[in-house]
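Take a look at the structure below.
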Amino acid sequence: MNREWSLAELAAAYAYPETGSGARQPWLRANMVSTLDGAAQHQGHSQPISSAADMRVFGTLRALADVIVVGAETVRQEGYRPARARAEFAAARQAAGQGPAAAIAIVTAGLDLDFSLPLFTSPLVPTVILTGAAAAPDRVAAAEKAGARVVVAGEGMGVDPARAVRALADLGHTRQLTEGGPRLLGQLVAADVLDELCLTVSPMLSAGDAQRIAGGPSVTVPRRFGLESLLEEDGFLFSRYRRS
Ligand SMILES: NC(=O)c1ccc[n+]([C@@H]2O[C@H](COP(=O)([O-])OP(=O)(O)OC[C@H]3O[C@@H](n4cnc5c(N)ncnc54)[C@H](OP(=O)(O)O)[C@@H]3O)[C@@H](O)[C@H]2O)c1
């Protein structure tokens, strides 16, 4: 099939559900890409298993979100940049009461981040750092000095996934998107706070021992999700699954 989905079509296909009743009810979706044999990266990066169509879906999901939640290792390895304002989505974002671009929220215990990166020096909206109450005070101070908003979402060093989701919603970020990585996504799955998975199936085989899209200890009973939609472009499948 040679159908190219337009940004408008993708935005409609991936619209966040109404979570209802004026309450700040969060909706957390993940967007991940995997090869046919389950690899979530190749040689440390997801770009080799992605495609132009996948990047359009990726960009659309970012443009629909209030906040993009990401693990610190993905920030370090993928050279994360702040979300950008895109003219194609400006009117829709304004109508939805959203700022020009989503905030990036980094989950980290150690705050071992390069605060001279654009993520901190030139975001359109301040980058959020989600960490534990026991995070090193000097790193917290450095993050705040760099312009980040530090939010405590856990008692020790670590972040409690459910508390993080709630804390972001309390900041007004109810349309939540996580881009992993696998260690973070595994915890979101285990804590049962993931509402939706947007999974790109990349028509590639890579063998090897790359991570799957979600890692960490397995859950006792596999969580059941239902298929909401399935698009195809250039052999890539764009699935959208919702928690049953
Ligand atoms: N296929 C895809 O769609 C996709 C998407 C994203 C990433 N990736 C790939 O995945 C790899 C990176 O993923 P990863 O699984 O190794 O790492 P990750 O999940 O991105 O980040 C792990 C880091 O996040 C922080 N963290 C996670 N859970 C935490 C918690 N509960 N409390 C506090 N901090 C927490 C820790 O940061 P600190 O060490 O700073 O404390 C931890 O080292 C890269 O190769 C990337 O290319 C693939």
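The values are calculated or read from the model by the stated rules, or taken from the named source; none is laboratory data. Remember, it's a predicted structure, so these values are computed and weren't measured experimentally. Cβ placement follows ideal geometry from the backbone for every residue including glycine, while neighbour counts extend to all protein chains displayed. What goes into the accessible areas is simple: the full protein's heavy atoms, side chains included, and nothing from ligands, DNA or RNA. Shrake-Rupley method; radii C 1.70, N 1.55, O 1.52, S 1.80 Å.
Couplings for segment 37-51, taken from phi via the Karplus curve 6.51 cos²θ - 1.76 cosθ + 1.60 with θ = phi - 60°, read 9, x, 7, 9, 6, 10, 6, x, 9, 8, 4, x, 9, 9, 7 Hz in order; Gly and Pro are left as x.
In the chain, a dipole from Cβ-located charges (positive for Lys and Arg, negative for Asp and Glu) runs towards its positive end, and of MET157, PHE225, ALA207 it is MET157 whose Cα lies farthest in that direction. Each residue, ALA133 and LEU7, gets one label point 7 Å from its Cα in the Cβ direction; the gap between the two is 4.4 nm. The charge dipole of segment 1-139, taken about its Cα centre with unit charges on the Cβ atoms of Lys, Arg (+1), Asp and Glu (-1) only, comes to about 280 debye. Excluding GLY180 itself, what net charge comes from residues whose Cβ is under 11 Å from its Cβ, given Lys and Arg +1 and Asp and Glu -1? Around GLY180, the charge tally is -1.
When LEU168, LEU199 are compared by accessible surface with a 1.4 Å probe, the order from highest to lowest is LEU199, LEU168. Here the label points at ARG223 and ALA95, each 7 Å from Cα along the C-beta direction, are separated by 3.1 nm in the simple model. At the residue level, SER218 shows approximately 110 square angstrom of accessible surface with a 1.4 angstrom probe and all protein chains present.
The residues neighbouring SER51, those whose beta-carbon lies less than 13 Å from its own, together hold a net charge of -4 under the Lys/Arg +1, Asp/Glu -1 convention. Taking all protein chains as shown and a probe of 1.4 angstrom, MET55 keeps an accessible surface of around 100 Å². Which of ALA102, ALA191, ALA169 moves the most in a Gaussian network model of the chain with Cα springs under 10 Å? Highest fluctuation among the options: ALA191. For the chain, taking the reciprocal of the average inverse distance between every pair of different Cα atoms yields a Kirkwood hydrodynamic radius of 18.4 Å.
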